[in-house]
Amino acid sequence: MLIVSPYFVPGKDGVAFFGERRREGVNVAVLTNSLAATDVWLVHAGYMKYRRPLLDEGVRLFELRPEAAGATKARASRVGSSAPSRASLHGKTFVFDRKSVFIGSVNLDPRSLEQNTEVGVVVSSPALAEEVARLFDYWASPDLSYEVTRGKNGGLQWTGGFTNEPKAGLWRPLGREILLSLAHRLVNLAETYAPLTPAAPGDRATTTDDVPPAKASDSTPSSSPRSSAASRS
């Protein structure tokens, strides 16, 4: 099973699902954006706490390098994103048993699965599935992506010997934590004032379960050399 999802936040149910597939003997590999490549830091904060559990289940994780596409064009920023352009994933594809493939707009994250209106097609075609799998292998190669693995001390490490978010610089990790902290404050305010506002029938209250922990971090300090981040297309 090959998964390409720019915004990948599987949640506990997703981790359990992939764990079940692994115990059935299915190889599972995921390609998503690295912190240096993503255009929405807050989504990466939701993803990062699931890296260890996924790896422990035997899932292989690949994160796109920011220089993968050699991008140079500027791109408008939005809340939780960066203005400079970098290489970043956008396509969403899933390959099953190298016999069928899904191509569409669905990310494996709560917003895409529960709130958005998405579209996609499932094609039963070994030839197409093999071609998409070939492209996955290309973009997941060491020149274009970092593979995330467990280090000797139980922490995380990335291709090239990095033990911290590679090429993310100072502002991306800091910005991710600031946005995460603000999100928690907003959710706490909503919970405080929710009892004062009658909910409409069928409304679902927002809770802190919808926001990843503010201090979550699965990286350890790095002494590895760090390179400057490249542009994004």
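The values are calculated or read from the model by the stated rules, or taken from the named source; none is laboratory data. It should be emphasised that the depicted structure is a prediction, and the values quoted were computed from it without experimental measurement. Counting neighbours? That spans all protein chains shown, and the Cβs are built from the backbone with ideal geometry, glycine included.
Which of (1) in contact (Cβ under 8 Å) with a residue 12 or more places away in the chain; (2) part of a strand (DSSP E or B) does residue 165 not meet, given it meets every other one?
Unmet for residue 165, out of (1) in contact (Cβ under 8 Å) with a residue 12 or more places away in the chain; (2) part of a strand (DSSP E or B): (2).
Among the listed residues 43, 59, which satisfies the condition of being out of contact with any Leu (no Cβ under 8 Å at 6 or more places or on another chain), more than 16 Å from residue 156 (Cα to Cα) and buried (at least 19 other Cβ atoms within 10 Å of the Cβ)?
From the options 43, 59, the qualifying one is 43.
Conditions tested, residue by residue: (1) at pLDDT below 85; (2) among the hydrophobic types (A, V, I, L, M, F, W, C); (3) outside any loop (DSSP other than H, G, I, E, B).
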position	(1), (2), (3)
68	yes, yes, no
71	yes, yes, no
81	yes, no, no
149	no, no, yes
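Do you know which residues across region 22-50 are in a helix (DSSP H, G or I) and modelled with pLDDT of 95 or more?
22, 23
Restricting to region 112-134, name every residue that is free of Cβ contacts under 8 Å to residues at least 12 places away in the same chain and surrounded by 14 or more Cβ atoms within 10 Å (Cβ to Cβ).
113
Can you tell me which residue is modelled with the lowest pLDDT among those in region 151-194 that are small (Gly, Ala, Ser), surrounded by 14 or more Cβ atoms within 10 Å (Cβ to Cβ) and on the phi > 0 side of the Ramachandran plot?
It comes out as 169.
Among the residues of region 12-19, is any within 19 Å of residue 159 (Cβ to Cβ), under 14 Å from the mean Cα position of the chain (by Cα) and modelled with pLDDT under 95?
no
Since residue 148 meets every condition but one in (1) more than 17 Å from the chain's Cα centre (by Cα); (2) under 23 Å from residue 42 (Cα atoms), which condition does it not meet?
(1)
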